[in-house]
Amino acid sequence: MTNHLSVPRSSDVAHPCETRDPARETADVARRAARHDRTMTAVIELDHLTKRYGAARGIEDLSLSVERGEVFGFLGPNGAGKTTTIRTLLDLLHPTGGHARVFGLDSRRDRPAIHARLGNLPGDFAYDPRLTGRDLLGFLAELRGVRDLGRARALAERFQADLERPLGELSRGNRQKIGLVQSAFHDPELLMLDEPTGGLDPLMQEAFLDFVAEERDRGRTVFLSSHELDEVERCCDRVGIIRDGRLVAVESVADITGRAYRHVTLQFADRVDPDEFRRLAGVIDLEPDGRVIAFKATGDIDAVIKTAARHTVTDIELVRPTLEEVFLTYYGIST
C-alpha cells in the first residue's frame with residue numbers, strides 16, 4: 001500500500017557526510033518550531049518555489065504565504081500545477097529551485113517533524129484495495145502513535161463513510177470520504193487537501209464545507225486546491241490562482257466576490273422594457289428576447305431583484321462564471 005502520510009526514513013533528511021545525533025536533531029527541530037510559533041503567524045511560506053520535469057513545465061517561481069487559522073484556496077484548471085505545488089511543498093517531490101517552509105521549518109530538512117503536524121489528502125489518494133477503511137485508519141493510527149480513534153469514528157459518521165467494506169469495492173465518492181477521514185482523524189494543525197470534494201455528492205460537499213469552517217474556527221489552517229470557483233468562494237479567506245505553473249494572483253475572497261459577475265436570466269409573464277435593467281449599475285451585455293431578458297450583473301444584485309419584483313417573474317436563473325471566464329475577464333488570459 002502506498003502511504004502518503006508515512007514518516008520518511010531519517011536518511012531522507014540527513015546530510016550524507018554528517019555523523020548524526022538523533023536526539024540533538026530532534027531538539028534542534030523543536031527549538032526552531034518553538035521560535036517560529038512565538039514570533040510568526042505564517043504556517044506556509046513559499047519562496048520562489050520551482051519544480052521542473054526536465055524540459056517539461058512543472059511550477060515556476062511561486063511565492064506566497066498562508067497565515068495561521070486561514071483557509072487558503074489554490075485555484076486553477078486541471079493541469080495548472082496545483083498538485084505539483086502541494087507535493088513539492090510536502091517534499092514528496094524535490095524542488096528544482098526555491099524554498100518552502102511549513103511551521104517555520106524547512107520542508108526538506110525537517111520533513112518528519114512537519115508531516116507529524118499535518119494531515120494530507122492527495123489528489124491521487126492511494127490505498128491497498130483489500131483493506132477496509134477501518135484497517136487503513138488503524139494502520140495510520142499506529143504509524144502516528146494515535147491511541148484514541150474517537151475523532152476518526154466521529155468523522156466517519158459525519159461523512160457517512162463505510163469503514164467495513166474493502167476500499168477496492170467502494171465508489172470514488174465513498175473512497176474520498178475515507179480519504180477525508182484519514183486526513184483529519186489525528187487532529188492536525190494543518191490540512192493539505194488536493195481537490196477534496198472530487199466524487200462527493202452535494203450533501204457531502206455541504207458537510208465538507210461545514211467541517212472546514214469549524215476547523216478554521218478552532219484555529220486550524222487549511223490549504224485546499226480546487227478548480228471550482230464557487231467552492232473556494234464559499235469556504236476560503238484568500239485564493240491563489242495558478243495557471244501554466246505560475247501564480248497569476250493572490251486575492252481575498254471578498255475582492256473576487258466584489259468583482260465577480262453572474263449570468264442573470266429573467267423570464268416574465270409579459271414583455272418588460274429592457275431599459276429598466278440596462279440603466280442599473282453593474283448590468284452589462286444585456287440581451288432582451290421577447291419575455292426573457294439576459295445580462296451579466298456585477299456586485300450587489302439587490303437593485304436587479306427589486307426591479308424584477310415590479311413585474312410578474314415566471315423564472316429566474318443566476319449562474320456563476322466558469323473558471324475560464326474568470327481568467328479571461330479578470331486577468332486577460334485564456335485557459
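The values are calculated or read from the model by the stated rules, or taken from the named source; none is laboratory data. A quick note: this is a predicted structure, and the numbers were derived from the prediction, not measured. Because the Cβ atoms are built from the backbone with ideal geometry, glycine has one as well, and the counts that use them run over all protein chains shown.
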Selection from the stretch 130-148 of residues that are crowded, with 16+ Cβ neighbours inside 10 Å and part of a loop (DSSP other than H, G, I, E, B): Leu131, Val146
Of the criteria (1) over 25 Å from Asn78 (Cβ atoms); (2) more than 21 Å from the chain's Cα centre (by Cα); (3) not acidic (Asp, Glu), which one Leu170 fails: (1)
Qualifying residue in the stretch 153-175 (condition: touching a residue at least 60 places away in the same chain (Cβ under 8 Å) and assigned to a helix (DSSP H, G or I)): no
Unique residue being in contact with a Gly (Cβ under 8 Å, 6 or more places away or on another chain) and within 30 Å of Leu64 (Cβ to Cβ) when the list is Gly119, Gly123, Gly104, Gly97: Gly123
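Let's see how each residue does on (1) among the polar types (S, T, N, Q); (2) surrounded by 20 or more Cβ atoms within 10 Å (Cβ to Cβ); (3) at pLDDT below 95:
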residue: Arg216; (1), (2), (3): no, no, no
residue: Arg262; (1), (2), (3): no, no, yes
residue: Phe268; (1), (2), (3): no, no, no
residue: Val272; (1), (2), (3): no, yes, no
Test: residue in the stretch 243-258 that is without any contact (Cβ under 8 Å) to a residue 24 or more places away in the chain, assigned by TED's automatic domain parsing to the domain that holds Gln205 and part of a strand (DSSP E or B): yes
